[in-house]
1. Just give me the residues in the stretch 170-193 being among the hydrophobic types (A, V, I, L, M, F, W, C) and within 19 Å of residue 203 (Cβ to Cβ), in sequence order.
2. Does residue 62 satisfy the criteria of being exposed (fewer than 12 other Cβ atoms within 10 Å of the Cβ), among the polar types (S, T, N, Q) and farther than 24 Å from residue 114 by Cβ?
3. Looking at the stretch 19-48, I want the residues that are closer than 15 Å to residue 186 by Cα and touching a residue at least 60 places away in the same chain (Cβ under 8 Å) and have a partner that is of a type in the set (A, V, I, L, M, F, W, C) and surrounded by fewer than 18 Cβ atoms within 10 Å (Cβ to Cβ) with Cβ atoms under 6 Å, at least 6 apart or on another chain. Which pairs are those?
4. Say we look at the stretch 110-129 and pick out the residues that are out of contact with any strand residue (DSSP E or B) (no Cβ under 8 Å at 6 or more places or on another chain) and either among the aliphatic types (A, V, I, L, M) or without any contact (Cβ under 8 Å) to a residue 12 or more places away in the chain (or both); which of these is surrounded by the fewest Cβ atoms within 10 Å (Cβ to Cβ)?
5. Does any residue in the stretch 86-109 that is under 17 Å from residue 32 (Cα atoms) come within less than 7 Å, Cβ to Cβ, of a residue that is assigned to a helix (DSSP H, G or I) and basic (Lys, Arg) six or more places away or on a different chain, and which pairs are these?
6. Can you tell me which of 36, 9 is out of contact with any Lys or Arg (no Cβ under 7 Å at 6 or more places or on another chain) and surrounded by 15 or more Cβ atoms within 10 Å (Cβ to Cβ)?
7. Based on this model, can you work out whether residue 21 counts as under 30 Å from residue 96 (Cβ atoms) and not in a loop (DSSP other than H, G, I, E, B)?
8. Out of (1) in a loop (DSSP other than H, G, I, E, B); (2) in contact with an Asp or Glu (Cβ under 6 Å, 6 or more places away or on another chain), the odd one out for residue 8 is which?
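The values are calculated or read from the model by the stated rules, or taken from the named source; none is laboratory data. Computed from a prediction, not measured in an experiment: that's the story for all the values here. When we count neighbours, we look across all protein chains shown, and the Cβ atoms used for this are built from the backbone with ideal geometry, even at glycine.
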Amino acid sequence: MTAMKWAVTTLDNQQAGEIELSDTVFAQPLRKDILTRVVEWQLARRRAGSASTKTQREVKATRTKMYRQKGTGRARHGARSANIFRGGSVAHGPKPRDHGFALPKKVRRLGLKVALSAKANEGKLIVLDQAVAESPKTKTLRQRLDGMGVNHALVVGGDELDENFSLAARNMKDVDILPQQGANVHDILRHDQLVLTKDAVQALEARLT
């Protein structure tokens, strides 16, 4: 398994050595078809599927014939719960359902590899030595991230996130933070930059190889 060297920086924008990134995870060719399939799968699973309309059986209205069949000069009608009346039922309307569908694990794993590789190929991947803040102050973290040139970024930490860093980052509308278990294609692609800690890199490589 070959690997490429990638610079590691600190939150103070200082060099902290290098790390080897596995080509298997970070050097995949761009596959837009795979990314599309995985993102559609993710968004489908997030849909609530709670839309619901009433059938004629569920509408509370009289079931008796509204008026006599003939001799009125009006159209023939039965129950007022029919779908053509205001407050009546809905014909072929939606009912609660699960919008999710199955996607092979092999495709999901490949999608995550392609998303990580795309950020590395675009030069929008940053590797941090650690995502740890001394205090939960948003202003302080914002200044440090600005010094690194980080904006509109997804930060992926190790198995456990630093509490101060998480508290400081949650007030930034353009920065999201996830543990490595939560790294996913949709969130990676919708952010301009991807910031991984060294722990996150090691965990993702172990997970995907």
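1. 177, 178, 183, 185, 188
2. Details: exposed (fewer than 12 other Cβ atoms within 10 Å of the Cβ): yes; among the polar types (S, T, N, Q): yes; farther than 24 Å from residue 114 by Cβ: yes.
The answer is yes for residue 62.
3. Filtered contacts from the stretch 19-48: 41/103.
4. Of all residues in the stretch 110-129, those out of contact with any strand residue (DSSP E or B) (no Cβ under 8 Å at 6 or more places or on another chain) come to 110-115, 117-118, 121-123.
From the residues that got through so far, the ones that are either among the aliphatic types (A, V, I, L, M) or without any contact (Cβ under 8 Å) to a residue 12 or more places away in the chain (or both) too are 110, 112, 114-115, 118, 122-123.
Working: 110: 19, 112: 21, 114: 22, 115: 25, 118: 22, 122: 12, 123: 8.
Filtering first and then ranking leaves 123.
5. Filtered contacts from the stretch 86-109: 103/37; 107/37.
6. Numbers: 36 fails: surrounded by 15 or more Cβ atoms within 10 Å (Cβ to Cβ).
Going through 36, 9 in turn, the sole match is 9.
7. no
8. (1)
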